[in-house]
Amino acid sequence: MKRLYWMNPELFETKVEVKAIADCKVTTDPVIFHPDEGGQPADIGSIDQANVTNVEIIKSQIVHTLDKPLVNGKYIARLNKQHRLYTASQHTAQHIISGIAEKRFGLGTTGVHIGLDRCTVDFDKKIDWQTVQIIEQQSMEVVTLNISVETVFNEKDVRIRSNSKEIESDTIRVVKIGDYDKSACCGAHLKSTGQIGIIRIFDIESKKQGVRIFFLAGTKALEHSQTETSILRELRKSAGCSSSELNTIFEKALSNSKESAKEIQRLWSQMLPDIAKSAIVAEVESTKIGIQVVDIPRQLVTKLAGMMAEIFDGAGIVVSNTNIAISSKYINANDLFRKIQNAVEGKGGGSPKAANGKLSRTVTTDELIEILK
Ligand SMILES: [Zn+2]
């Protein structure tokens with residue numbers, strides 16, 4: 001099975017011999033579609049009038065899935081050029097990143113993912129952001145040098161990075177980018193590094209013993225950078241400062257907001273006893289029940305109900321919008337909740353001491369008294 005993209009990555013269209021192996025599944029000779037392999041997604045395109053929707057390796061064969069069946073014969077196979085150039089750009093950039101990371105920092109590549117919106121490389125050791133930036137800068141130097149991406153076969157001492165499935169076990173295809181990288185790989189690449197245009201590394205995160213870096217190449221890298229620049233620009237505008245001042249201003253705003261939240265919390269704590277005391281009191285089974293329908297923060301509803309049960313030495317029912325909390329010392333809080341739920345509907349429940357939930361609608365104090373009678 002001859003994979004033309006190994007030696008001729010710029011062949012986007014050619015005549016192939018098609019063999020149907022199942023309904024809408026064919027093999028071709030030669031092969032110009034790259035299968036989903038080694039972290040690089042499958043090529044898409046067409047064979048004659050049929051669209052190629054997936055290409056995968058099944059039992060050592062490169063199998064093309066079509067959207068309509070084809071009978072055996074010779075047809076023109078056409079790649080979706082834009083899609084191939086995208087995946088090949090990201091994949092070639094990954095070789096450069098992995099090569100530099102290994103040569104310069106002794107990092108082994110343990111995983112690669114070429115996605116349609118984001119690409120990642122996993123390294124076996126921890127590195128910091130500064131190191132990532134050096135790798136990014138040196139990767140860009142390799143792009144500028146416009147080095148040929150070569151294919152050689154069966155070289156000794158070659159690194160096998162991708163967990164690709166072997167097809168021709170007697171042939172090891174090796175990809176070489178000058179002195180920067182030399183590794184066994186089955187993928188589709190660009191002809192030379194200059195075609196990548198730009199490599200950007202956007203983020204790093206910890207992963208087990210090592211790290212995962214997020215990168216993009218070519219137009220996709222430019223688009224992502226533009227999006228981030230626009231966000232930065234908007235932030236500068238609304239904060240009225242320069243980019244370098246943003247961090248300080250953001251931290252200050254965050255701290256102010258925490259202070260304000262604390263202050264609001266303190267004020268509510270001061271007001272809560274008065275709100276509890278001003279509740280309407282009803283009597284059910286000779287137990288005093290304080291009823292308060294009031295607009296308060298959700299997280300204080302239960303606290304207020306508890307406070308009312310203590311003050312009236314009975315029970316407290318608090319409704320804030322559709323949130324409800326019941327606290328009771330003697331009669332069953334859950335029974336009270338069910339009674340209200342039967343009348344108004346809603347979700348929730350609890351124990352004889354406390355119940356809470358959400359009603360289907362808000363209620364008035366008079367309505368609650370009527371329900372409880
Ligand atoms: Zn490769």
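The values are calculated or read from the model by the stated rules, or taken from the named source; none is laboratory data. Owing to the predicted nature of the structure, the values given are computational and were not obtained by experimental measurement. Using ideal geometry, Cβ is built from the backbone for each residue, glycine included, and neighbour counts are taken over all protein chains shown.
Conditions tested, residue by residue: (1) away from the ligand (no atom under 16 Å from the Cβ); (2) out of contact with any strand residue (DSSP E or B) (no Cβ under 7 Å at 6 or more places or on another chain); (3) part of a loop (DSSP other than H, G, I, E, B).
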site: R200; (1), (2), (3): yes, no, no
site: R212; (1), (2), (3): yes, no, no
site: C241; (1), (2), (3): yes, yes, yes
site: E251; (1), (2), (3): yes, yes, no
site: S260; (1), (2), (3): yes, yes, no
site: P273; (1), (2), (3): yes, yes, no
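Testing V293 on (1) touching a strand residue (DSSP E or B) at 6+ places or on another chain (Cβ under 8 Å); (2) among the aliphatic types (A, V, I, L, M); (3) more than 27 Å from Y330 (Cα to Cα), one condition comes back false. Which one is that?
(3)
Quickly run through region 93-107 and pick out the residues that are small (G, A, S) and away from the ligand (no atom under 16 Å from the Cβ).
G106
With the checklist (1) modelled with pLDDT of 95 or more; (2) more than 21 Å from V149 (Cβ to Cβ); (3) more than 16 Å from the ligand (Cβ to nearest atom) in hand, flag the one item K81 doesn't pass.
Here K81 clears every test but (2).
Among the residues of region 353-373 satisfying the criterion of being more than 36 Å from the chain's Cα centre (by Cα) and free of Cβ contacts under 8 Å to residues at least 40 places away in the same chain, which is surrounded by the most Cβ atoms within 10 Å (Cβ to Cβ)?
Out of the qualifying residues, it is A355.
Any chance you could count how many residues in region 275-286 are basic (K, R) and assigned to a loop (DSSP other than H, G, I, E, B)?
0
Based on what the data block shows, is I296 hydrophobic (A, V, I, L, M, F, W, C) and more than 28 Å from Q265 (Cβ to Cβ)?
no
Which number in (1) closer than 21 Å to D181 by Cβ; (2) at pLDDT 95 or above marks the one condition that G38 misses?
Condition (2) is where G38 drops out.
Tell me which residues, restricted to region 105-136, are among the charged types (D, E, K, R) and at pLDDT below 95.
Within region 105-136, D117, R118 meet the criteria.
Against the condition in contact with a Cys (Cβ under 6 Å, 6 or more places away or on another chain) and within 16 Å of the ligand (Cβ to nearest atom), how does Q90 come out, does it pass?
Taking the combined requirement at face value, the residue satisfies it.
Pick from L216, L222, L232: which is touching a helix residue (DSSP H, G or I) at 6+ places or on another chain (Cβ under 7 Å), away from the ligand (no atom under 16 Å from the Cβ) and in a helix (DSSP H, G or I)?
Of the residues listed, the single one that is touching a helix residue (DSSP H, G or I) at 6+ places or on another chain (Cβ under 7 Å), away from the ligand (no atom under 16 Å from the Cβ) and in a helix (DSSP H, G or I) is L232.
If you take the residues in region 1-30 that are modelled with pLDDT of 95 or more and buried (at least 20 other Cβ atoms within 10 Å of the Cβ), which one is nearest to V174 (Cα to Cα)?
Ranking the candidates gives T28 first.
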